[in-house]
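The structure under discussion appears below in the form of structure tokens.
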Amino acid sequence: MKTCKRIGALLLALILTCSLSVTAFASLEDTGFSDVDADDWFAESAVYVRDNGVMNGTSDTTFNPNGTTNRGQIAAILYRAAGSPAVSGAADFPDVTAGAYYADAASWAAANGIVTGYSDGTFGPGDPITRQQLAAILWRYAGSPAAESGADYADESTIASYAVTAVDWARDTGVITGRDGNVFDPNGRATRAQAAVILHRYLELLGSGAEETPETPEDSGETRVLVAYYSATGNTEEVADAIAEATGGDVFEITPADPYTSGDLDWTDENSRVVYEYENPEARDVELAQSTPADWADYDVVFIGYPIWWGIAAWPVDGFVEANDFTGKTVIPFCTSSSSGLGESGDLLAELAASGDWQEGQRFRSGASQADVTAWVESLNLA
């Protein structure tokens, strides 16, 4: 990432494992929290984050150390740690209320590709953050670096595809390690006590200036890959995540401002939204929640994924293609379909873009394996 690069480097250097086996800081006489004893391993951190305005107590006298940390809180914590930079416009999430404590943080995090929304266009600010989500957030914050796969965790198969490389990276760097029994526990929750220790050490290291900023892909000349996709039922999303896993690329979901419901997508219903749009091409101009990914100019290779609708790319993708300049980029379409092939969908998008080096694409059936996707990516010789 170009933005917050120094902060990201320092954050990566100090975040501890979410199991947090740590040495306690110097003892305190009184924490000011009725639920934090002075000799608790996280006591000094709880006081520090409170006193420095990074993380508040749940009341004037309580910290709730065993409470979960949610997505809105993580976004707000990182945003405060970044110095609360100015943001332009409100967050494009229906569940982010203007004026909420996390509103600017959600806009900042989404614009910088640090914390993205869900496939339905929501941000989920109140959802407890999971270990695999946290790994993915920090991995993206680091610029989505490559990682050695290493030995599998015992619960490796339960790690979501979008987080596999992030978890490998987190283990390699010591950012987040496994728990007893060689499990990662991808859906485990991070407590407020753990978050306090993470932020305390982060801010102390930031103040020391002891860490150097690592090279990011745009500094090193490494090829930067973006996987942009629209997914109606989740099939295209699975392939997009597999491509990101194979390339170490970033992911951008093309999300309609007015998301399609299951009823909208029922092509057998002559009164459904997709049938109406198919029969009335002027209605296919679908407004998007966000048209251009953060750091768009820095990407060298762009994969564009979509389901096939009536023999062409699902039309929400058209708005993304029209909104962006692909000059100097290698563009590779891919689609998912149970019966139809890629057809002319890629060529039609290339004509719509009128820029970029568009390559021959690939069609995948639903349930395509990571091995199949990786084999295709390797055949492209992108390096």
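Just so you know, all these numbers are worked out from the coordinates, no wet-lab data involved. Keep in mind that what you see is a predicted model, and the values were worked out from it rather than measured. Cβ coordinates were reconstructed from backbone atoms using ideal geometry, including for glycine residues, and neighbour counts include every protein chain displayed.
Assorted remarks:
- Förster-model FRET efficiency, 56 Å R0, ARG365 and ASN64, C-beta, rounded to 0.05: 0.75
- Positive contributions from Lys and Arg (+1) and negative ones from Asp and Glu (-1), summed over other residues with Cβ under 14 Å from the Cβ of THR236, come out at -2.
- Fewest-first sequence of THR130, THR158 by Cβ atoms within 10 Å of each Cβ: THR158, THR130
- Restriction of the trypsin sites (Lys or Arg not before Pro) in the range 110-172 to DSSP coil positions whose beta-carbon has at most 10 other beta-carbons within 10 angstrom yields no sites.
- For TYR299, TYR118, order by how many other beta-carbon atoms lie within 10 Å, fewest first: TYR118, TYR299
- Exposure proxy ranking, count of Cβ atoms within 10 Å, fewest first, for ASP95, ASP241, ASP258: ASP258, ASP95, ASP241
- With a cut-off of 13 Å between beta carbons, the residues surrounding ASP168 carry a summed charge of -4, where Lys and Arg count +1 and Asp and Glu -1.
- Taking amide H positions as modeled 1.01 Å from N, with prolines and chain starts lacking one, the residues under 5 Å from ASN70 and 5 or more places away or on another chain are ILE129.
- Reported to the nearest whole Å, the Cα centre-to-centre distance from the range 71-120 to the range 292-368 is 28.
- For PHE334, the residues whose modelled amide H falls within less than 5 Å of its own, excluding neighbours fewer than 5 places apart on the same chain, are ILE304, GLY305, TYR306, GLN362.
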